[in-house]
Amino acid sequence: TASVSLVFLCIVVLSRSIQYLEQAAQGEMNTIMVMWLILYRLPGFIELILPFSFFLSIIFVLGKMYEDNEMVIMKQCGITQTYLLKLIMSFAFFVSLLVALFSFWLTPISSVYSEYFKSEKTFYEEFSSLNPGIFHELNNGGVFYAETKKGDIYEKVFSNNLLDKNNETLLFSTNAILDKESNSLTLGPGSSFLKTPNGKGTQLSFEKIIINDLPIKSKDNVADFDVVLNEITQKESLAWKFSLPLLTLISAFIAVPLSKIHPRQGRFIKVLPSLIIFITYLTLLISFKVQDEQGELINLVMTLFVHFIFILLGFFLYKKEALN
């Protein structure tokens, strides 16, 4: 289970890293944020990977034992399929508790810290992520554009509504220097064009303008930890949180009879059907994950119905293999 989890976790982390790096390349986030965001997303990855890895590990291990005729010898020693099922389900119980720990506690908390990390940034961190050659939208509807960038120096800068939020102001500057120590942006020399109420414009020249509060368009700052935790918790229904531990138990129950192979069959012959069953199970649960106020009861009923269907499938496979 640990080996399979590690493999799939590496695949998911690499895939998510590419997406975050693309956002960093477009100036939507700082490159330093990529590592921390992935770290905060790990509990959400693990809570989905762990049930799948445990299910797949049962198929692999028992399939190997059937292939090497170890199960035949074990049955002759009095180890029945029922005893084997009890043994596997005892392990599944502890794995489901671990999944519940992630689902109910670690994942919501890590999501809140992720929101804090993305929102609580200094002026320098926010501005340094803006790449040249791209028009960046500001919170007040304005834009910021720089033709080139060398280190912390932007060259040939254009901005709209950067200085005055209430009046339409066009600003052109030769340079814009970002200072990490003073946490400020220094523009100049340049000129600005202010549109007056009578429709005319006023042109002003300047040698230097210092700004330390740039209205970069980003997500709202997280004001209160408990409030955000409550909001994130409400996005996922209680049925979904219970579904992941139940998924672990029911999928393990299905895997025991499903892993049985007959003589001269390869140990991997049951892997593909097992994957289809598990992915179908998980996909149905995810489809009822997002809830709204009107559909909460319907989602709960449908989620319980999905679990019931796969419990019946487990009993069907168990009885079928017991007869054989």
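The values are calculated or read from the model by the stated rules, or taken from the named source; none is laboratory data. This is a predicted model, so every value here is computed, not measured. Note that we place each Cβ from the backbone using ideal geometry, even for glycine, and neighbour counts take in every protein chain shown. Ligands, DNA and RNA are excluded from the accessible area calculation, which covers all protein heavy atoms including side chains. Shrake-Rupley method; radii C 1.70, N 1.55, O 1.52, S 1.80 Å.
Just one of the listed residues (210, 134) is part of a loop (DSSP other than H, G, I, E, B) and at pLDDT 80 or above, namely 134. Residue count for region 255-278 satisfying the condition of being under 23 Å from residue 90 (Cα atoms) and part of a helix (DSSP H, G or I): 9.
Out of the residues in region 64-88 that are polar (S, T, N, Q) and outside any loop (DSSP other than H, G, I, E, B), which is surrounded by the fewest Cβ atoms within 10 Å (Cβ to Cβ)? Going through the qualifying residues, I end up with 76. Among the candidates 260, 289, the residue that is within 17 Å of residue 304 (Cβ to Cβ) and either within 25 Å of the chain's Cα centre (by Cα) or surrounded by 14 or more Cβ atoms within 10 Å (Cβ to Cβ) (or both) is uniquely 289.
Among the residues of this structure, residue 47 does not count as one that is part of a helix (DSSP H, G or I) and modelled with pLDDT under 85. Close Cβ contacts (under 8 Å, 6 or more residues apart or on different chains) running from residues in region 243-265 that are touching a residue at least 12 places away in the same chain (Cβ under 8 Å) and among the β-branched types (Val, Ile, Thr) to residues that are open to solvent by 30 Å² or more (accessible area, probe 1.4 Å) and outside any helix (DSSP H, G or I) comprise 261/267; 261/269; 261/270.
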